[in-house]
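Engineer: Before anything else, here's the structure in question.
Only the coordinates and a few stated rules stand behind these numbers; no lab work does. Predicted, not measured: the structure shown is a model, and the values here were computed from it. Backbone-built Cβ (ideal geometry, glycine too); neighbour counts: all protein chains shown.
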Amino acid sequence: MNWLFLIMVFFPSFVGIMLLVKKMTDRTAKWIALTSSSIVFLISLYFYYMFDKTTSSFQFIIHVNWIESLGSSFAFGMDGISMSLVLLTTLLVVVVMIFMDYHSDDVKEFLGFTLILETALLGVFVALDFLLFYVFWELVLIPMYFMILHWGGPRRVYASIKFFIYTHVGSFLILVGIIAMYFYKGSADGVYTLSILSYLDYNFSDKFQLIVFPMIFIGFAIKLPLVPFHTWLPDAHVEAPTGGSMLLAGVLLKMGGYGLIRIGFTIFPVAVNHYAYIMAVFGVVSMLYGALLALAQDDLKKMVAYSSVSHMGSVVLGLAALNINGFNGATYQLFAHGIISAMLFMLCGILQYSFKTRSISKLGGLAQIVPKMTVFYVFAFIASLGLPGLAGFVAEINVLMGAFQAFKYLLAVALVSLIVTAGYYLLALQKVFFGDIKQSLVGGEFADLKINEKIALMTLTVLIVIFGLVPGPLIELFNLSNLEILARIGGV
Amino acid sequence: MGDLFWLYPLPLLAALIIIFIFGDQLQEKSGLIGAVGSGLVFILSITLAPAVFSGDKLVYSFQWFPGVNLGFRIDGLSWIMLIVVTFLVSLILLYSYSYMEHEKGLRRFFSFMVLFGFSMVQLIVADNLLQLFIAWEIMGLCSYSLIGFYFEKSSAASAGKKAFLTTKVGDVFMLLGILVLYAATGSFNYDEIFSAASSGLISLSEIALATLFIFGGVVGKSAQFPLHIWLPDAMEGPTPVSALIHAAAMVKAGMYLMIRLYPLYEVSEFTLKIIMIVGTITVLFAALMAIFADDFKQVLAFSTISQLGYMTVALGCLGAFPALLHVINHAFFKALLFLGAGSVIHSVGTGDIRKMGGVFKYQKITGSAMLLGTLSIAGIPGFSGFVSKDEILLQVYEHGSLFSYYILLLTGMLTAFYMFRLYFMVFTREKRSDYHGHESPVSMLIPLVLLGIAAVFSGRLKNPLMGLLNITETAHHNNIVVYSSVAAALIGIVGALLIYYLKIIDIKNYDSVISGPKKFFQNRYYFDYFVEEIICKYFVKISGMITMAIERWIFDGIVIFAAKSIKIISNYTKVADQYIVDGFVNKTAAITKTFSGISNFIDIYIFDGAVRFIEIVTVRKGEIMLYWNNGKIQTYLLWTVVGIILIVSLIGGVF
């Protein structure tokens, strides 16, 4: 089984490199990419099937000595939290592959980068060695950087460099944190190791935790992104190509949340308790501030990008609650926001392709022109505003349940953001889709959904409904892992 | 059979799935399928009667995810609501079958109609607040899409949006209230919350807060002041939608929730006081608007708000039972009135009552049924509305809230007045515009007739309901209250009769007096204007300006400033690199060279003997001095820096 695990992680990048290097038509490239990503998805489903939900420990562990002088090893493994994000990644890559059509520029290379990105993302979620984790973490930046730079919009150079440098600063903070942990632990007990597992039950001194945790927290917060470290996100999203945006919002942001849970909250229990309230404040401020900004946008994609900031704020709020509801809610939000935001960004791309603009003020009455697209837009917006019965609500209600127990009326801020969220989505629907057709659009020929787009959107729609109505299986997947982390922190 | 009671709503779900899949083929026949689905649920529910009347409580619960259970519960309260709602949903869908015949988008229409009904059923049979909240919000979505059914019309789309957002404001309060209860008890389940409350696990202040917040949700969904603003606009949707919202679902959900949680409300006096105040304001506030409204459905919408206010006042005066009674009676007669309105609008082709008149001649069945509904809502003895209104007035009187009592009495008069104004203007006298009236098809008349019967007799449910809910006594009978309420209604009717039927009083003569208030009330006190144009617009504008400024000048500004500073610094380092570092390297080389020169000097001239000393000084001096005074700036700079370092370190050493 171990070899299968390695195949799941590395196979995409092999195919990806092959796509970049070999000559072939875009059509062949698409089918190769779609097939290989589907295989990877099936493998991840197999692992889900094999996954033992009754234990919180890491499973499918691979451990090969690597750089022994550093105490680094080639270590992989998954617990429930990793498993859920691995499923999210493999799934979304398949959806991107379905969505990508072979009429745009350099599709072959784009697909190649996407597959390399998949390996990097999977690596982050399953690495059990700090060095390996960091290598994958950095590797994620490279394909994404090229995706924005080559296939991006008019300000792509600015956006790609901003994205790269800003998130790189975050990576640097994380690296410094890791090095500090490495030497602190090494000099204390003489075992210099980079194995994440051996840090999970190591107790750092209070002072060390209080100093190093904020650094690591900011590092992950940049990736998440949390206000005020979020300004790279709207630029990156606005310029990124659709497939890139889908993975950026769908999976890349989740790395921040994953890192917070796996490293931040597990290794620094004292600091976490100490800073819980501050983190919660950051969380609710992100929620409200992101929502207010989304309300002010004219570009649909930028609106959706800010809504991501808002929703990721709830991840931090849930984690800061330090109880099982909050944790499960945050973890669920990673998954739910992953599929919902992928759908939103896909729709933004389709609209842009069809109407050559995403500006709300230049659109109007689209429901009469592109009825099918409208249905999915309404669904995706309603899902994103957290309608009960859809995936986002489960995450939201858990976060709120947890956060209310921990912070009581600080939650009022978060609740206001729920109203604002409903506001910007419904206003956008009203302006873009309902009412009379905008004068400038009358008589134009605009394409509605194509078959591959319909399949991709339907897949996400069905998943959003299923995970909204039947949240049990997914929550059971990471419930025990979260409980164990909480036991360390001292929460409930 | 009784064990599977929680599966009883399945026919509705099945209808929903069928319509969702085959709606485009079925077209208006979807309405029949929905009606059958709802009818089956109705029949299945009836079979539960023996169990429910024997006082059993049917409960089934399951785990939704670790830590949270959902479940179903049928007791007296949910049973009677279930019966009423499924009955009405069935009739409304049957009615829509003809009413919507020539419309487009029927799959969407009927899917959401059935989902609406299904959510209401789920809301009723839920045994916990979370599940209720889920159904509650899904109803919000249904109302959004049904009110905005004619989405090409901007006003319809806005009305849908307004409904969703306004109720969302209430919902957020409600969610907060639910969270207060959850945090205190660790459960969403009604029974567990009640037992925690009675055992003192939740403090009274927490109960007061929770109930107050939850009442916020009720204010939104049940259209109480100040969140009533969405309901009058909701008439933008097709008429069956209005009937569903006003009679069977949505606005009744709020009342049901309060009655369901009444064990909590009972003990929090502060909340009850607030509820009573809100109800009292709403009752009169809405009735005054109804008097001046010229749109058929709008009059009915205002009357709904006002009638809901009656229920709210009753709930504020410990009168859960009168409120429930009025919920049920109002459901029947309001469904009747709306469906009748639809039947009239369908044939006349407009909703403007100034353009109607004499409709009775063409629509005798509709007109007769409407008369029953009108008499019922006006509170005439013998009709159902009288029974529950009377109960409410008695309760309020007995509770000692005399101010509210007089307001209700006054509103009773106004209600009778505006309802008969409506009736006379629509059905009697001469045609005021050129329309071709005709009676509606049978499938629209069946619901009207059935509801007409219900509007007369649903008041008789009072005693069986008391048995069902184990209520032994209601407010004491009081002749003064009964007579004054009947008198108020009669005054209202006579007023309307004189002005709009007999035309003995010509209101045109009083135009100068009326026009001021008329404009005020027709513009809904300018309250909607204030909320939409001032609060919302400026909120969007100002919050956008502020956040965009913060974003641009602070969060992004700092990053860009940092990036620019680093770039500038790097430029400086480039300069420094060129002059200082490079210069330093050059200098070092030069110094080394010099030192080697010096050692060479020593070597040759000291060790070789002093014989040639004079010669050295004279010959080499010139060369050395020339080198140090080479005229290069960096040389001087270097020595300056070395000098400063020396001075600073000396000073440091001294101090």
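Engineer: For the protein assembly as shown, what is the calculated [θ] at 222 nm in deg cm²/dmol (nearest 500), taking -39500 (n - 2.57) for each run of four or more DSSP H residues and dividing by its residue count? Present the calculation step by step, with values, prior to reporting the outcome.
Structural biologist: Details: 48 runs with 822 residues, N = 1147.
Counting only the DSSP helices, I get -24000 deg cm²/dmol.
Engineer: So, R0 is 22 Å and r is the distance between the beta-carbons of A:H63 and A:Y184; what FRET efficiency does that work out to, to 0.05?
Structural biologist: Working: r = 23 Å, r/R0 = 1.06.
Result of the calculation: an efficiency of 0.40.
Engineer: While we're looking at this one, here's another question. What is the distance in Å between the Cα centres of region B:352-424 and region A:440-466?
Structural biologist: Going from one Cα centre to the other spans 50 Å.
Engineer: Gain in length, A:R155 to A:V375, computed as 0.36 nm per residue apart minus the alpha-carbon separation, to one decimal in nm?
Structural biologist: Numbers: separation 220, 0.36 × 220 = 79.20 nm, distance 3.11 nm.
Full extension from A:R155 to A:V375 adds 76.1 nm.
Engineer: Another one. Given q = 0.04, 0.05, 0.07, 0.08 Å⁻¹, what are the Debye log10 I(q)/I(0) values for the protein assembly as shown, with equal point scatterers placed on the Cα positions and solvent ignored?
Structural biologist: -0.28, -0.41, -0.72, -0.89
Engineer: Given labels modelled 7 Å from the Cα in the Cβ direction, how far is it in nm from A:N2 to B:E103?
Structural biologist: 6.5 nm
Engineer: Here is a further query. Calculate the spin-label point distance for B:I580 paired with A:K23, positioning each point 7 Å from the Cα along the beta-carbon direction, and give it in nanometres.
Structural biologist: 5.5 nm
Engineer: Cut-off is 10 Å between beta-carbons; in what order do B:T374, A:T242, B:T474, A:T35 appear when sorted fewest neighbours first? Show your work: numbers first, answer last.
Structural biologist: Numbers: B:T374 26, A:T242 22, B:T474 16, A:T35 12.
Going from least to most buried by this count: A:T35, B:T474, A:T242, B:T374.
Engineer: Excluding residues on the same chain fewer than 8 positions from A:K450, give the lysines whose Cα lies under 22 Å from its Cα.
Structural biologist: Partners within reach: A:K30, A:K108, A:K301, A:K356, A:K372.
Engineer: Out of residues 5 or more away from A:S195 or on other chains, whose amide H comes under 5 Å of its own, with H placed 1.01 Å from N in the peptide plane?
Structural biologist: A:F130
Engineer: Over all residues in B:541-553, what is the mean tally of Cβ atoms on other chains that come within 10 Å of each residue's Cβ? It would help to have the intermediate numbers written out before the result.
Structural biologist: Numbers: counts 2, 0, 8, 7, 1, 3, 10, 4, 0, 5, 10, 1, 0.
Mean number of neighbouring Cβ atoms from other chains: 4.
Engineer: From the phi of every residue in region B:412-426, what ³J(HN,Hα) in whole Hz does the Karplus formula 6.51 cos²θ - 1.76 cosθ + 1.60 yield, where θ is phi - 60° and glycine or proline is x?
Structural biologist: Rounded to whole hertz, the list is x, 5, 4, 4, 4, 5, 6, 5, 6, 4, 4, 4, 5, 5, 7.
Engineer: Counting only residues 5 or more places away or on other chains, whose amide H sits under 5 Å from the amide H of A:A240 once H atoms are built in the peptide plane?
Structural biologist: Excluding prolines and chain starts, which carry no amide H, the hits are A:G153.
Engineer: How do B:K297, A:K431, B:K431, B:K389 rank when sorted from fewest to most other Cβ atoms within 10 Å of their own Cβ? Intermediate results must be reported in sequence, preceding the final value.
Structural biologist: Values: B:K297 24, A:K431 20, B:K431 15, B:K389 30.
Ordered by Cβ neighbours within 10 Å, fewest first: B:K431, A:K431, B:K297, B:K389.
Engineer: Whole angstrom only: what separates the Cα centroid of region A:197-235 from the Cα centroid of region B:535-600?
Structural biologist: So the two Cα centres are separated by 26 Å.
Engineer: Over its Cα atoms, what ratio of radius of gyration to 2.2 N^0.38 Å does region A:1-252 give? Walk me through the numbers before you get to the answer.
Structural biologist: Values: Rg = 18.9 Å, N = 252, 2.2 N^0.38 = 18.0 Å.
Dividing the Cα radius of gyration by 2.2 N^0.38 Å gives 1.05.
Engineer: Separate question: First measure r as the distance between the Cβ atoms of B:L402 and B:K541, then evaluate 1/(1 + (r/R0)^6) with R0 = 51 Å and state the FRET efficiency to the nearest 0.05. Please report the intermediate quantities before stating the final value.
Structural biologist: Numbers: r = 46 Å, r/R0 = 0.90.
Working from the Cβ atoms, E equals 0.65.
Engineer: Using the Karplus curve 6.51 cos²θ - 1.76 cosθ + 1.60 with θ = phi - 60°, what ³J(HN,Hα) values do you get for each residue of region A:33-43, in whole Hz, with x for Gly and Pro?
Structural biologist: Computed from phi, the couplings for region A:33-43 are 5, 5, 5, 5, 5, 5, 4, 4, 4, 5, 4 Hz.
Engineer: Still on this structure, I have one more. Would you mind checking which residues have amide H under 5 Å from B:S61's amide H? H placed 1.01 Å from N; only 5 or more apart, or other chain.
Structural biologist: B:F72
Engineer: Over all residues in B:63-70, what is the mean tally of Cβ atoms on other chains that come within 10 Å of each residue's Cβ? Walk me through the intermediate numbers first.
Structural biologist: On the way: counts 2, 6, 12, 9, 7, 9, 0, 0.
The mean count of partner-chain Cβ atoms within 10 Å per residue comes to 6.
Engineer: If packing is taken as the average count of other Cβ atoms within 10 Å, what order do A:326-332, A:386-392, A:397-403 fall into, highest mean first? Display every interim value, and only then the final one.
Structural biologist: On the way: A:326-332: 29.6, A:386-392: 24.4, A:397-403: 27.9.
Top of the packing list down: A:326-332, A:397-403, A:386-392.
Engineer: Using the Karplus curve 6.51 cos²θ - 1.76 cosθ + 1.60 with θ = phi - 60°, what ³J(HN,Hα) values do you get for each residue of region A:483-490, in whole Hz, with x for Gly and Pro?
Structural biologist: Per residue, the Karplus-derived 3J(HN,Hα) values read 4, 5, 4, 5, 4, 5, 6, x Hz.
Engineer: Take the Cα of A:V176, step 7 Å along the line toward its Cβ, and report every residue of region A:214-247 whose backbone nitrogen sits under 15 Å from that point.
Structural biologist: Under 15 Å, as judged by backbone N against the label point of A:V176, lie A:214-222 of region A:214-247.
Engineer: Oh, and also: Place a +1 charge on the Cβ of each Lys and Arg in chain B and a -1 charge on the Cβ of each Asp and Glu, then give the dipole magnitude about the Cα centre in debye, rounded to the nearest 20.
Structural biologist: Numbers: 44 positive and 41 negative charges, 296 e Å.
Around 1420 debye, computed over chain B.
Engineer: Moving on to the next point. For Cα pairs less than 8 Å apart in space and 6+ apart in sequence, what is the mean separation divided by the residue count of region B:279-518, i.e. the relative contact order in percent?
Structural biologist: On the way: 384 pairs, mean separation 64.2, N = 240.
In percent, rounded to a whole number, it is 27.
Engineer: Determine the distance separating the Cα centre of region B:306-337 from the Cα centre of region B:495-525; give it in Å without decimals.
Structural biologist: Answer, in whole Å: 28.
Engineer: Given the pairs B:K104/B:K297; A:K431/B:K537; B:K273/B:K389; B:K104/B:K162; A:K22/A:K162, which are separated by over 26 angstrom at their Cα positions?
Structural biologist: The answer is A:K22/A:K162.
Engineer: Taking only C-alpha pairs under 8 Å that are 6+ residues apart, what is the relative contact order of region A:268-492 in percent? Don't jump to the answer; show the numbers that get you there.
Structural biologist: Working: 349 pairs, mean separation 66.6, N = 225.
That works out to 30 percent.
Engineer: Now for a separate question. Kindly rank B:120-128, B:307-315 from highest to lowest mean number of other beta carbons found within 10 Å of each residue. Please list the in-between numbers first.
Structural biologist: Working: B:120-128: 25.9, B:307-315: 29.8.
Ranked by mean Cβ neighbours within 10 Å, highest first: B:307-315, B:120-128.
Engineer: Aspartates and glutamates within cross-link reach of A:K454: Cα-Cα under 18 Å, excluding same-chain residues under 8 positions apart?
Structural biologist: A:D101
Engineer: Relative to the present Cα-Cα distance, how much length would full extension add between B:L7 and B:N600 at 0.36 nm per residue of separation? If you can, show how the numbers build up before the last one.
Structural biologist: On the way: separation 593, 0.36 × 593 = 213.48 nm, distance 10.83 nm.
Separation in residues times 0.36 nm, less the Cα-Cα distance, equals 202.7 nm.
Engineer: Counting partner chain Cβ atoms within 10 Å of every residue's Cβ in A:398-404, what's the average? Intermediate results must be reported in sequence, preceding the final value.
Structural biologist: Details: counts 3, 0, 5, 9, 2, 1, 7.
Average per residue, whole number: 4.
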